[in-house]
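To keep things clear, I will list the structure first and then write my remarks on it.
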Amino acid sequence: MESSTIRILVIVAIIHFPVLIDSAVRQYKFDVVMKNATMLCSTKPIVTVNGMFPGPTLYAVEDDTVLINVVNHVNYNVTIHWHGIRQLRTGWADGPAYITQCPITTGQSYIYNFTITGQRGTLLWHAHILWLRSTVHGAIVILPKCCVPYPFPKPDKEVVVVLAEWWKSDTEDVINEAIKSGLAPNVSDAHTINGLPGPVSNCPSQGGFTLHVEKGKTYLLRLINAALNEELFFKIAGHHVTIVEVDATYVKPFKTDTVLISPGQTTNVLLFADQKQGNYLVTVSPFMDAPIAVDNITATATLNYIGTLTNTPTILTTPPLENATTVATNFVNSLRSLNSKQYPASVPRTVDYNLYFTVGLGLNPCPTCKPGNGSRVVASINNLTFTLPTTALLQAHYFNINGVFTTDFPANPPYVFNYTGTPPSNLQTMNGTKVFRLAYNANVQLVLQGTGIVAPENHPIHLHGFSFYAVGRGPGNYNPMTDPMKFNLVDPIERNTIGVPSGGWVAIRFRADNPGVWFLHCHLEVHTTWGLKMAFLVDNGRGPNQSLLPPPIDLPKC
């Protein structure tokens, strides 16, 4: 392989329970480099980590300290986010650009240093600046401590399966053109499974990923949605899978033939190779139940039983319809925390902050946006389109730098209307850099209310620095008098990324036990770009063990 060209590498971690020493220090080197990649019968340069797409899998054991030296060799500013890692008191290592750190500039490096506390399972890492996470992403696998078994049947092998999107064009060109026009960006040209889309109509020679299995054995598939903008269905012909974990949290197992997974979410499933010898189609397809354009190309892979004859036809399956709301809702409603003695669901029973945030789109004037007829599509939380500062919020907070942000983010919508009904006549939003301040260890209830402005849409909302419990969910407008009576405070699912349903709401609860500044945003990258984001500022508690650690000496400067 020539040094200037890289094939799309299939990064598959098939492991027989690697022996990792408990409570160790794991060290990784991430070189951010440009490589040429060929996909869909065309070649383009992409930003990668260590020349790989998807990037390398980061392995650790619960309670490990992890050091990742990220070195930037490209002409873009870079940051890396360790999505779902709690980052207890180590917000400097969280990674969102201009929230917890300034970017790593060309030729510079930064060592991300954090300890994994009380977590085990599958998470992901990805770039958290511009649209670089389209190709800069990979898996985080956190194994249980020595001699601690999984709370489900022991699998014979484990396989990392990374789902993503692919554009033939440079993704930075895609979003920059959209910003200039004021309209939505072009959708991707394909979905990928471990870096490969499978054959598509305009490139039938394109190969796909093959998962080889042995009849009678059990496989733990670690599914990750690293796509920029699309929720995805995952399905294997002729097989059901058993859901055992989401977002690094064990769940009450249940069987399904279809998995729904939003951008930023992870799902571990047990696959029992119990069917007859043969090849079985694997499909990854979009879920969108709103009038929004998506990439409707289904990615395909093959589940191959070892020993199957080469000319054996593949057993097919039909993916769910793009707007299969019932399939999506049934899956979400089936998720419950394990809530065992060893892994309890510690749901806050009292509430210190009762917050109500509307999430959705808007239209602001843009005289230069001719394709948008003088308007620009924006997004907001409580009608505030967030403006990224030029100094990182966490630095401004720690060093008491004035003029970077204010702490008056509204706790409730500033304008009351029928959020999921007829939109108001004025679709404009306000702009600003505001955070909401929380006292240390306070219990927070946050209702995320979708709106129908421009179009209702499912918003996968990600909260940095915390896991939270999804205690309620429903259609239409949240009713504060009746809906809390139906909340699940016993075994609600614990996540770090939750889908706000189209034309509906979700309620989450968490304890603000992690001091620092923590990003809350839609994990559809287009919506983050448009401003659907904010931050919580959690004050220090009492004493050093409840306080943010000082910044590292190599923290990038703005």
Take the solvent-accessible surface of the protein heavy atoms, probe 1.4 Å, and return the percent of it on the range 25-143 that carbon and sulfur atoms account for. 50 percent
Whole-Å distance, taken between Cα centres, linking the range 197-276 and the range 54-110: 27 Å
Using alpha carbon centroids, what distance separates the range 368-414 and the range 495-532, in Å? 15 Å
Could you name the aspartates and glutamates in cross-link range of LYS370, using Cα to Cα under 20 Å and dropping any fewer than eight places away on the same chain? ASP173, GLU177
Peptides 31-40, 77-86, 311-320, 54-63 ordered by average Cβ neighbours within 10 Å, highest first: 77-86, 54-63, 31-40, 311-320
Skipping prolines and chain starts, which residues have an amide H placed within reach, meaning under 5 Å, of the one on GLN428, given they are 5 or more residues away or on another chain? LEU363
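Over the range 413-484, what relative contact order in percent results from Cα pairs under 8 Å that are six or more residues apart? All intermediate terms of the calculation are to be shown ahead of the outcome.
Values: 34 pairs, mean separation 28.6, N = 72.
Result for the range 413-484 is 40 percent.
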Under the Karplus relation 6.51 cos²θ - 1.76 cosθ + 1.60, θ = phi - 60°, what is the ordered set of whole-Hz ³J(HN,Hα) values for the range 26-43, x standing for Gly and Pro? 9, 10, 10, 10, 10, 8, 8, 9, 8, 9, 7, 10, 10, 8, 6, 6, 8, 10
So for the range 157-334, averaging the separation of alpha carbon pairs under 8 Å that are six or more residues apart and normalising by length, what relative contact order in percent results? 25 percent
Taking a threshold of 32 Å on the Cα-Cα distance, which of the pairs LYS168/LYS235; LYS180/LYS533; LYS157/LYS341; LYS145/LYS533; LYS434/LYS557; LYS35/LYS154 fall above it? LYS145/LYS533; LYS35/LYS154
Summed residue charge, Cβ within 10 Å of PHE287's Cβ, Lys/Arg positive, Asp/Glu negative: -4
Those aspartates and glutamates that a straight Cα-Cα span of less than 13 Å connects to LYS255, excepting residues fewer than 8 apart in one chain: GLU245
Nearest-20 debye value, the range 402-548 charge dipole, Cβ charges on Lys, Arg, Asp, Glu: 160 debye
Accessible area per residue of the range 157-334 at 1.4 Å probe, in Å²? 37 Å²
Accessible surface of the range 353-546 [probe 1.4 Å, protein heavy atoms]: carbon and sulfur percent: 52 percent
Using only DSSP helix segments of four residues or longer, with each worth -39500 (n - 2.57), what per-residue ellipticity at 222 nm results for the chain after dividing by its residue count and rounding to 500? -1500 deg cm²/dmol
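List the relative contact order of the chain as a percent without decimals, with contacts defined as Cα pairs under 8 Å and 6+ residues apart. Show your work: numbers first, answer last.
Details: 1552 pairs, mean separation 79.0, N = 558.
Once divided by the residue count of the chain, the mean separation gives 14 percent.
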If you plug each phi of the range 493-502 into the Karplus form 6.51 cos²θ - 1.76 cosθ + 1.60 with θ = phi - 60°, what whole-Hz ³J(HN,Hα) values come out, in order, with x for Gly and Pro? 5, 9, 9, 10, 9, 10, x, 7, x, 4
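How many percent of DSSP beta bridges within the chain run antiparallel, rounded to 5? Don't jump to the answer; show the numbers that get you there.
Working: 106 of 149 bridges.
Taking every DSSP beta bridge with both residues in the chain, the antiparallel ones total about 70 percent.
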Enumerate the calculated ³J(HN,Hα) couplings along the range 298-304 in order (Karplus 6.51 cos²θ - 1.76 cosθ + 1.60, θ = phi - 60°), each rounded to whole Hz, writing x wherever the residue is Gly or Pro. 7, 7, 10, 9, 10, 8, 10
Quick check: net charge around PHE436, other residues with Cβ under 15 Å of its Cβ, Lys/Arg +1 and Asp/Glu -1? 0
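The values are calculated or read from the model by the stated rules, or taken from the named source; none is laboratory data. Here the structure is a predicted model, which means the values were calculated and not measured. Quick reminder, even Gly has a Cβ in these numbers, built from the backbone with ideal geometry, and neighbours come from all protein chains shown. Ligands, DNA and RNA are stripped out before the accessible areas are found, and what is left, the full protein with its side chains, is counted by its heavy atoms. Shrake-Rupley method; radii C 1.70, N 1.55, O 1.52, S 1.80 Å.
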